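Colleague: Could you have a look at this structure, given as structure tokens, before my questions?
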Amino acid sequence: LDACSMAMAEVAYELSGTADYLLASQSISWAAFPYDQLILAIQEGMSGQEIGEAWLAIEADGLTAHSGVYPYTFSLVDLAQMPAVALAHQTLVSTLRAAWQSDTTRTVATAFADAVEATACVESNYDGKINRFDTYCDLGSFAQRIEGAFVDYPDIANAANAIGTALSSAIITTANHSGLPWSPPESEWWNFTAPPLNGLSLYMPLAPHVDDVRRRYYTANQLGYLTVTDWDTLLADAWGGSEPPTTTVDCDCPANVKLLPLQPSIRLQSPMVTVQEQEAFTVTVELLDLPQQRALGGAQLWLTYDANLVEGIDCTTVAPAGIQLAQCHLDAPGLIRLAFTAPDGFIQDFTAAQLHMRAIGPAGAVSTIRLIVDKLVDAQGAPLSVHTGDSLITIGAGAAQLAGDVNCSGGRDVQDAVLILRYSVSELAAGTQCPPAAGTIYAPACDVDGDGGCQINDALFIVQCAVGIDNGLCPASLQSASATTPRAINEQRRSAPPIQLIPSAIDDEGYIIFSLQTAREETKLGAVGITLRYDADQLELHECLQDPQTQFSYAACHPHDSSAVQTADNTGVVNVGLLAPEG
């Protein structure tokens, strides 16, 4: 199936009886599936399975050829075995529900939650990260985790083992490869080979993953797999019978995450801009990921915006050598046209133009600078497909009013500080919607101190303002104390108190306890943001106890996706955030 995320138990069951084999990806399949090569690979006398195996190799080899940067998860499934997989799944569901309903000590619920949290999941909402917002998880991994968590419940453990047995018959072969197709720090891809995926995913909107609006349509009326397994009924049990959300709670996709990285990309930088009334600002037009095999030949671009909110001042071209006849023109209020040619072809990233603009609308207004590709061709004149990104311009009402209002309540208070702290340890995502969608903050308002970032110190300043501590960034009214203007001590030479990781002896349960300690010095800590990394092949995170002596007003310790995320090089990541308004 030439589409993403189609190697799922639900999809494979629907196709059983109609087709013999399924070749698909558990996660993103990229712009692969070279049909010319696939057709030529079919030889006289080949069986359906042999054709599928040859096609899988072509898919994997094609992506590996691109410097090995693209992660892939291809599976070849014997669809005749899917009824057996569904029956094994139904047995597990029925035994789990029976044990759950008679559980008075929450032992079953706790073991089930632990198994879900440890299950390997795949990137399913296309934001470039694998975290609690992803709800497509590996069925084989889930069965293995259930079997391990329920050793004291033989019926459940045996049912989980039977799923693994059924999958071993259904999955003919897989090809999994780790990769990092882009490099921003928030884009972390699962190491698909450790632990390995087993070939088929399952829809699992279960805590600690978010509940999902798609669960409203995930019923036996829509999917035959559920008529056999009753998996949707168990999902409802797990959420206590509560109704699914009515709107999506998937992450806002950052503008620097590209869904089609094998295509060229045209984006506006910065993707989110907050300016004050009558303030001038600049937006650049960037062309990225130009394909080596099809050099860029020329482009005609339109940029539209709300002329009642934003005024075009000037447009300048800054194209490099090799780009000819570059023209940028303020065509009419609300419209800018940009065109250029590259007769000899161009394959390097470059900045095509700078748009100089001014905010003329009222405070609180938002205008999108929308990028429209009229023509984009290669050096032979053939059209190129492209991924584009717009820019969102927010007109503020003054830094003292809007900065820090990440929940769009009209002011800033301790609730905003808590949300920023949760964002700093990756419990919440950045968004551009105001009011923000569930699981996000309104990122354009986060930067309180004007350092260009959204960090834990922004939460500190908000709390200080809320209790009247003068920090130079909030109105000097109702102040009950005075403090030196906060400074980022980690950016000042020799000014930060030393912080050390101190290992202690192994405890009675076999856990190694590491203490993160800071020396008591003249400099008082107001906010601490730390990222811990470890070799997930050698260590497994058991728990994190933040601020055990309760010296901070607010503290959080959070693995990157509610479990120890493993990056492409299998590094575990844990974020720690601490907040002490008075130091």
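Colleague: Counting Lys and Arg as +1 and Asp and Glu as -1, what is the net charge of the other residues whose Cβ lies under 12 Å from the Cβ of I395?
Modeller: Values: positive: R358; negative: E277, E279, D306, E311.
In short, -3.
Colleague: For a Förster distance of 35 Å, can you work out the FRET efficiency between the beta-carbons of D2 and E243, rounded to the nearest 0.05? Don't skip to the answer; put the middle values down first.
Modeller: Working: r = 35 Å, r/R0 = 1.00.
The computed FRET efficiency comes out at 0.50.
Colleague: Sort D232, D2 by Cβ crowding within 10 Å, fewest neighbours at the top.
Modeller: Working: D232 20, D2 14.
Starting with the residue having the fewest Cβ neighbours, the order is D2, D232.
Colleague: Relative contact order for region 299-432 using alpha-carbon pairs under 8 Å, separation at least 6, rounded to a whole percent?
Modeller: On the way: 230 pairs, mean separation 32.4, N = 134.
Relative contact order for region 299-432 comes out at 24 percent.
Colleague: On to the next question. Report the label-to-label distance for N161 and E286 in nanometres (one decimal), using points 7 Å from each Cα along the Cα→Cβ vector.
Modeller: Once both label points are built, they end up 5.4 nm from each other.
Colleague: Label points 7 Å out from Cα along the Cβ direction at D507 and V151: separation in nm?
Modeller: Taking the two extended label points, one gets 2.0 nm.
Colleague: In whole Å, what are the extents of region 273-322 along the principal axes defined by its C-alpha atoms, from largest to smallest?
Modeller: 45, 18, 18
Colleague: Taking 0.36 nm per intervening residue step and subtracting the Cα-Cα distance, what contour gain separates D314 from T64 on full extension? Each step should come with its number before you reach the end.
Modeller: Values: separation 250, 0.36 × 250 = 90.00 nm, distance 4.41 nm.
So the chain would gain 85.6 nm between D314 and T64.
Colleague: Further, regarding this structure: Under 11 Å from the Cβ of R358, count the other residues' Cβ atoms, weight Lys and Arg +1, Asp and Glu -1, and hand me the total.
Modeller: Numbers: positive: none; negative: E277, E279, E311, D314.
Summing Lys and Arg as +1 and Asp and Glu as -1 gives -4.
Colleague: Which length gain, in nm to one decimal place, applies between D20 and T104 when the Cα-Cα distance is subtracted from 0.36 nm times their residue separation? Spell out each step's value before the answer.
Modeller: Numbers: separation 84, 0.36 × 84 = 30.24 nm, distance 4.54 nm.
Full-extension gain reported as 25.7 nm.
Colleague: While we're here: If I model a spin label as a point 7 Å beyond the Cα along the Cα-Cβ vector, how far apart are those points for Q49 and D535 in nm?
Modeller: 4.0 nm
Colleague: Using 0.36 nm per residue, how much length does the chain from T304 to Y35 gain when fully extended, once their Cα-Cα distance is taken away? Kindly include the intermediate steps, with their values, before the conclusion.
Modeller: On the way: separation 269, 0.36 × 269 = 96.84 nm, distance 3.74 nm.
Contour length minus the Cα-Cα distance gives 93.1 nm.
Colleague: Show me the ranking of peptides 385-392, 215-222 by mean Cβ neighbours inside 10 Å, starting with the highest. Walk me through the numbers before you get to the answer.
Modeller: Numbers: 385-392: 18.0, 215-222: 13.5.
Descending packing order for the listed peptides: 385-392, 215-222.
Colleague: If you bin every alpha carbon distance in region 265-395 into 5 Å steps from zero, what whole percent lands in each bin?
Modeller: With a bin width of 5 Å, the distribution comes to 2, 11, 22, 23, 17, 11, 7, 4, 2, 0.
Colleague: Order of Y442, Y72 from fewest to most other C-beta atoms within 10 Å? Please report the intermediate quantities before stating the final value.
Modeller: Details: Y442 25, Y72 22.
In increasing order of surrounding Cβ atoms, one gets Y72, Y442.
Laboratory data are not the source of any read-out in this text; all were calculated from the coordinates shown. Everything numeric in this text was worked out from a predicted model, so none of it was measured. Note: ideal-geometry Cβ built from the backbone for every residue, glycine included; neighbour counts use all protein chains shown.
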